[in-house]
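The values are calculated or read from the model by the stated rules, or taken from the named source; none is laboratory data. Bear in mind the structure is a predicted one, so any value in this text is a computation, not a measurement. Using ideal geometry, Cβ is built from the backbone for each residue, glycine included, and neighbour counts are taken over all protein chains shown.
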Amino acid sequence: MLKYSSLLLFAVLVFSCNNKPDSKENAPVSGTSFSTEGKKVISWTTADSSDLRLSLTDTLTFKEKAQPFENEVIVFVDPQKTFQTYFGTGAAMTDASAETFYKLPKDKQAEFLKAYFDKETGIGYTVARTNINSCDFSSDMYTYVQDGDKELKSFNIEHDRKYKIPFIKEAMKAAGGKLNLFASPWSPPSWMKSNNDMLHGGKLKPEFYDSWAMYYTKFIKEYEKEGIPMWGISVQNEPMATQRWESCIYTAEEERDFLKNHLGPTMHKEGLQDKKIIVWDHNRDLIYQRARTYFDDPEAAKYAWGIGFHWYEDWSGGQPMYDNLRRVHEAYPDKNIMFTEGCAESFNAARYNAWVLGEEYGRSMINDFNNGMVGFTDWNILLDETGGPNHVQNFCFAPVHGDTRTGQLIYTNAYYYIGHFSKFIQPGAKRIISSPSRSQLLSTAFLNPDGTVVVIVMNQGNNTSPVFLWINGKAAEAQVKAHSINTYIIK
């Protein structure tokens, strides 16, 4: 859980700054001058080799500081230039997460829900993802229809009523009654596919395009009957990956045509035109080619809210391909870019405390926000002591693990790193300029709807450093610990 001595209620600050929605999200909107007069900076820190875990650490003040010197470490913040609108942060509520949750004692279930969804004592998740049919992080393989039922007369979500549906309802309640939930399929039923197998890739047979499109609408309507509103769907999880688990392959053209000729029209016909549709839902590496194929076709583009991406591309020891997001953002500023999945793979319980787990999240989130991402959805929100359950032994890390043998919750530092974003950036916030003067620092910043400014600074270096947060000739001096992430609230 969060380690701090007291909760801070942030006051609402009203100042004159143009924060209207951008007609072109990649073009900055200029407002009037932002004043630091009378404002305080509240700092929160998570740091290696310390007990600081999303801890309230300091209150800073602004002082006059004109031209900085070359040897000073500065993070330049400019609230006058606003960019994309922040949607939210959350995680996937898979079968594995739900099963693990219900194996924990009641007090630990309550602790878990507060830790993730409570806006004051937790990290305030507002987004969730779940699976349509089974995925690798299910204990068994399943669909919602009987074999060969093209008309979907046997469609039934009874399987999900045991764990997944009550789990999502508990999370919604803990989040204040609402979560922006979207659902993704890993595979259609085997009999709809070219390889007659839910696993190992294969393609959706053309004769089942309309039936499969209707399948999404059945799922949405059945969940909504259970009292779980669905915000949206993605067309297919990882449509270019032939996996040993549930998978289904679409070329860009095949996914485009399925969207514009079948899924999109079916969603409208069934009265679900308000549900958002996310395309791609795979890695950054091919994202521009996929975006161009969907969004250059007006008939397909009109159904797509945006494009989803994962972080599993093979970057061969270099840097992840963050710039590929920027290319999409520059070319299609009216389309949203959403992180829909990522995790640390190759689970090993001996690495629960490995600092790189959190740093991978911090590095990715900062770079992706700065390149146009609007929201972040982690992979499994909870896993057990094996990194599962998982019916194909594809075990991995989650930010929080539940040890079903001892009934204890284990918080990796990834939980705290994500919390430095999700706890403080409010849905509807606008990204603003945040520019560090040293390469060991990564930074992003947002202007919240209530007028507070959130600046996140991650130190990848091995040394503690003084850092000035500089705005319009005034600066607040902070101490940034080695291998730390820090959130500064200007209020």
Under 7 Å by Cβ, and 6 or more places apart or on different chains, what pairs join a residue from region 264-275 that is in contact (Cβ under 8 Å) with a residue 24 or more places away in the chain with one that is among the hydrophobic types (A, V, I, L, M, F, W, C) and in a helix (DSSP H, G or I)?
Thr266/Ala213; Thr266/Met214; Leu272/Ile220; Lys275/Ile220; Lys275/Met267
Residue pairs within 6 Å by beta carbon, gap of at least six or interchain, first lying in region 104-130 and assigned to a helix (DSSP H, G or I), second modelled with pLDDT under 95, listed first then second, are Ala115/Met1
Counting only residues that are of a type in the set (Val, Ile, Thr), surrounded by fewer than 22 Cβ atoms within 10 Å (Cβ to Cβ) and in contact with a Leu (Cβ under 7 Å, 6 or more places away or on another chain), region 221-252 contains a total of 1
From (1) over 19 Å from Phe376 (Cβ atoms); (2) touching a residue at least 40 places away in the same chain (Cβ under 8 Å), pick out the condition that doesn't hold for Gly306.
(1)
Only strands (runs of 3 or more DSSP E) wholly contained in region 40-92 count here; list those with 3 or more residues that are of a type outside the set (Phe, Trp, Tyr), closer than 16 Å to His420 by Cα and at pLDDT 95 or above.
40-47, 55-61, 88-92
How many residues are touching a residue at least 60 places away in the same chain (Cβ under 8 Å), of a type in the set (A, V, I, L, M) and more than 25 Å from Ala128 (Cβ to Cβ) when one looks only at region 166-217?
1
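A quick yes/no check of all residues on (1) touching a Leu at 6+ places or on another chain (Cβ under 8 Å); (2) buried (at least 17 other Cβ atoms within 10 Å of the Cβ); (3) within 18 Å of Lys65 (Cβ to Cβ):
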site: Asn413; (1), (2), (3): yes, yes, no
site: His420; (1), (2), (3): yes, yes, no
site: Ile425; (1), (2), (3): no, yes, no
site: Ser439; (1), (2), (3): no, no, no
site: Leu442; (1), (2), (3): no, yes, no
site: Val467; (1), (2), (3): yes, yes, yes
site: Lys474; (1), (2), (3): no, yes, yes
Any chance you could count how many residues in region 419-473 are out of contact with any strand residue (DSSP E or B) (no Cβ under 6 Å at 6 or more places or on another chain) and closer than 17 Å to Gln80 by Cα?
7
Where residues in region 336-362 are of a type in the set (D, E, K, R) and buried (at least 20 other Cβ atoms within 10 Å of the Cβ), which of them is farthest from Ile307 (Cα to Cα)?
Glu359
Any idea how many residues of region 395-409 are without any contact (Cβ under 8 Å) to a residue 60 or more places away in the chain, over 23 Å from Gly419 (Cβ atoms) and either surrounded by fewer than 16 Cβ atoms within 10 Å (Cβ to Cβ) or more than 22 Å from the chain's Cα centre (by Cα) (or both)?
2
So Ala183 passes all but one of these: (1) touching a Lys or Arg at 6+ places or on another chain (Cβ under 9 Å); (2) more than 29 Å from Asn324 (Cα to Cα); (3) small (Gly, Ala, Ser). Which condition number does it fail?
(2)
Quick one: is Asp147 in contact (Cβ under 8 Å) with a residue 24 or more places away in the chain, assigned by TED's automatic domain parsing to the domain that holds Tyr312, assigned to a loop (DSSP other than H, G, I, E, B) and under 23 Å from the mean Cα position of the chain (by Cα)?
no
Working only within region 329-381, note down all residues that are under 24 Å from Phe117 (Cα atoms) and of a type in the set (Phe, Trp, Tyr).
Phe339, Tyr352, Trp355, Tyr361, Phe369, Phe376, Trp379
